[in-house]
Amino acid sequence: MLAPRVFSLLIASVLLLATPLKANEYLFMGTGNVSGVYYPIGNALCRLMEVNQTQRKISCTAESSGGSIDNVSSLLKGEVDLAIVQSDIHWQAYWGRNSFAQQERFSKMRSLMSLHSEAITLLAHQDLELSTLLDLKGKNVNIGPSGSGQHTTMRLIMDSLGWLEPPQVALSELKPDEQSRALCTRKVDAVAYVVGHPNVSIDQATTMCDSTLLSFPESVIDSLTQEYSYFRPVTITPGIYQGNPTSVSTLGVSATLVVTSDMSEQTAYNFVAAVMENLDYLRSLHPALAQLSESEMVKVGLSAPLHPGALRYYREHGWR
Ligand code: GLU
């Protein structure tokens, strides 16, 4: 048996060895396409980790990706530590429903916070004179690659409209940074993008050619919000994009930041503390973040339980 002194020396040296490894944590975040909002926001969040001296324990890198579905799968495989995910996809992954019905539910998924609001954004070439979602029937619509959130969201909506079987729309799977050119050269008639505003992709598509944002008819908004609790009515602010001066009614979800239960309590606590303590700075880093409020960030669209580290921080501040 080891003498108690030797034993405690052993423990002390193990602790000493362990300390420097723990002092700096390197986290990877799955975001989205470079012309969306997730990517710049992921970078903004990572930058906050560097701002506050006391939070220096975390270093973080935001990686571009295909979007929500790819981010959930990278998080599940442990390829990233944090993921930005649409709240509808978040719900489906946590409960193993809809697009995740074929696989085991992601029960280890945990919420850190909710971010900006995202609108289901439909943009059509102006020559076609379309005005609502229902005018897309029979058209060629880009719904994004299969790893994106909009691909899953749009398939669900088109399925509810009875457009998938038999197929009543031609679906393209171009990436957001390819879709403006495709729209303006009439390779596709319209694009669908679930995204915060303003963003580079829609801005490009409305300046490269004349294109029109389409609205959701009130009856479709009513039936889809009744059927799916994760959808809510939202409007795209008038005048953000060239040639689109009026407000557009559509459906929306929230961008959420998720991790797994494998993240340590202290890391999750430090991460949310660095964000919340620098919220004014974060709001200034991207116009889609300007409206962020603590009371919404701690609850909107968070179907997976809050990570205990995040919950501890929110409770200390009386937000939960
Ligand atoms: N909502 C999109 C997705 O999940 C990404 C939007 C963005 O990159 O801002 O794929």
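The values are calculated or read from the model by the stated rules, or taken from the named source; none is laboratory data. Note that the coordinates shown come from a computational prediction; the quantities given were computed from them, not determined experimentally. Cβ sites come from the backbone with ideal geometry, for glycine too, and all protein chains shown count toward neighbours.
Evaluated against (1) away from the ligand (no atom under 15 Å from the Cβ); (2) within 22 Å of SER148 (Cα to Cα); (3) in a loop (DSSP other than H, G, I, E, B); (4) in contact (Cβ under 8 Å) with a residue 60 or more places away in the chain, GLY243 falls short on exactly one condition, (2). Residue under question is THR267, and the condition is that it be among the β-branched types (Val, Ile, Thr) and in a loop (DSSP other than H, G, I, E, B); does it hold? The answer is no for THR267. When you look at SER107, is it more than 16 Å from the ligand (Cβ to nearest atom) and either assigned to a helix (DSSP H, G or I) or not hydrophobic (A, V, I, L, M, F, W, C) (or both), yes or no? In short, yes.
Within the range 37-67, the set of residues being aliphatic (A, V, I, L, M) and either more than 20 Å from VAL195 (Cβ to Cβ) or modelled with pLDDT under 90 (or both) comprises LEU48, MET49, VAL51, ILE58.
Starting from residues that are closer than 30 Å to TYR269 by Cα and out of contact with any helix residue (DSSP H, G or I) (no Cβ under 7 Å at 6 or more places or on another chain), keep the ones in the range 112-138 and report whichever is nearest to the ligand (Cβ to nearest atom).
Just the residues of the range 112-138 that are closer than 30 Å to TYR269 by Cα, to begin with: 112-119.
Filter once more, so that each one left must be out of contact with any helix residue (DSSP H, G or I) (no Cβ under 7 Å at 6 or more places or on another chain): 117-119.
Numbers: SER117: 11, GLU118: 5, ALA119: 10 Å.
So the residue we want is GLU118.
Within the range 139-168, restricting attention to residues that are closer than 23 Å to ARG181 by Cβ and out of contact with any helix residue (DSSP H, G or I) (no Cβ under 9 Å at 6 or more places or on another chain), the residue that is farthest from the ligand (Cβ to nearest atom) is ASN140. Taking each residue of the range 184-198 that is polar (S, T, N, Q) and looking for partners that are modelled with pLDDT of 95 or more with beta-carbon atoms closer than 9 Å, six or more apart or interchain, yields THR185/CYS209. Listed conditions (1) crowded, with 20+ Cβ neighbours inside 10 Å; (2) within 17 Å of THR132 (Cα to Cα); (3) touching a strand residue (DSSP E or B) at 6+ places or on another chain (Cβ under 6 Å) are all met by THR235, apart from (1).
Among the residues of the range 223-256, those that are under 16 Å from VAL195 (Cβ atoms) and aliphatic (A, V, I, L, M) comprise VAL234, ILE236, ILE240, VAL248, LEU251, VAL253, ALA255.
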